[in-house]
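The values are calculated or read from the model by the stated rules, or taken from the named source; none is laboratory data. The model shown is predicted, which means the values in this text are computed figures rather than measured ones. For neighbour counting, all protein chains shown are included, and Cβ atoms are generated from backbone atoms with ideal geometry for every residue, glycine included. The area values use the complete protein model at the heavy-atom level, side chains included, leaving out ligands, DNA and RNA. Shrake-Rupley method; radii C 1.70, N 1.55, O 1.52, S 1.80 Å.
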Amino acid sequence: ENQIAFRSTGETGNNSDIWLKFIGEPESRRLTTDTAVDWSPEWSPDGKQIAFVRSPPRSGLGSIYLTSPLVGSIYLMSPLGGSERRLLDFPVGDFSWSLNGHWLAAARARSKGETTPESGGIHLIPAGGGEPRAVTFPKPPAEDRFPAFSPDGRALAYATCARKIILAPCDVYVLPVNS
C-alpha cells in the first residue's frame, strides 16, 4: 500500500534492476544487482513477495522491442531484500498473479524451432514451486500473451497473437478458472 516496486537502470544507467520506493520518502532501495536485465515487477496479492522477469544481458535493446517481446525466467523475492528464487526454467514474457497468490499465469515464449502448441501457450505456475501446467494451446506460429486474472479470480483473459512480433494482430479470449 505504501511501497512501489519498479524497474530502473539507476543513476549509472548501465543495468536494469528491481527497486523499491516507500511513498513519501526521498530515497529508493535497489533490490536486485544481477548483471541480467530485471523487469516487470509484480506484487503478490498478500504483499509478501515480488515476482519479476530476469533476462540475459543484451545489447541494443531498442531494436529488440520492435521485433519481438523481451523474455526471461520468473523469479520471486521478498520486498525486504535477500536472495531471489527462480520459479521456472522456460522463457516467459508476461505474467499475472492469481487472486489467492497461489498461482502465476505466464505466457511461455516459443523458442526458435519449437512447434508444439503448449510451447507458445499460457501456463499456470505454482508460486510455491512445482511443475507448470499448460492451459492454452495456440497453433504455431501464434503465441498467447498478456495473461490477466479477473478481479474476482474466476477468469483468465489472454491474447492470442498471430506472430511473435510486438505489433502482430491479436484476439482476446477469456478462460474460466476453477479453484
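A few notes on this one:
- Our summary of shape: the Cα atoms of the chain have principal axis extents of 48, 41, 26 Å, ordered from largest down, in whole angstrom.
- Calculated translational diffusion coefficient of the range 9-50 (20 °C, 1.002 mPa s; Stokes-Einstein with Kirkwood radius over alpha-carbon pairs) equals 186 µm²/s.
- Amide H partners (placed H, <5 Å) of Val37, local residues excluded: Ser55
- Here Lys112 is the anchor, and the aspartates and glutamates within straight C-alpha reach of less than 20 Å, apart from those fewer than 8 places off in the same chain, are Asp89, Asp94, Glu143, Asp144.
- Residue-wise HN-Hα couplings along the range 168-173, as the Karplus relation 6.51 cos²θ - 1.76 cosθ + 1.60 with θ = phi - 60° gives them from phi, are 5, x, 9, 10, 9, 10 Hz; Gly and Pro carry x.
- The dipole here belongs to the range 98-170: it is taken about the Cα centre, uses +1 on the Cβ of Lys and Arg and -1 on the Cβ of Asp and Glu, and is about 240 debye.
- A probe of 1.4 angstrom, applied to the heavy atoms of all protein chains, finds Thr33 with accessible area near 100 square angstrom.
- 1.4 Å probe accessible area per residue over the range 82-154, in Å²: 50 Å²
- Helical content alone sets the calculated 222 nm signal of the chain at -1000 deg cm²/dmol, taking -39,500 (n - 2.57) per DSSP H segment of four or more residues and averaging over every residue.
- Compactness of the range 75-179, expressed as Rg and Dmax over alpha-carbon positions, Å: 13.9, 42
- 13 Å Cα-Cα reach of Lys21 towards aspartates and glutamates, excluding residues that sit fewer than 8 places from it in its own chain: Glu1
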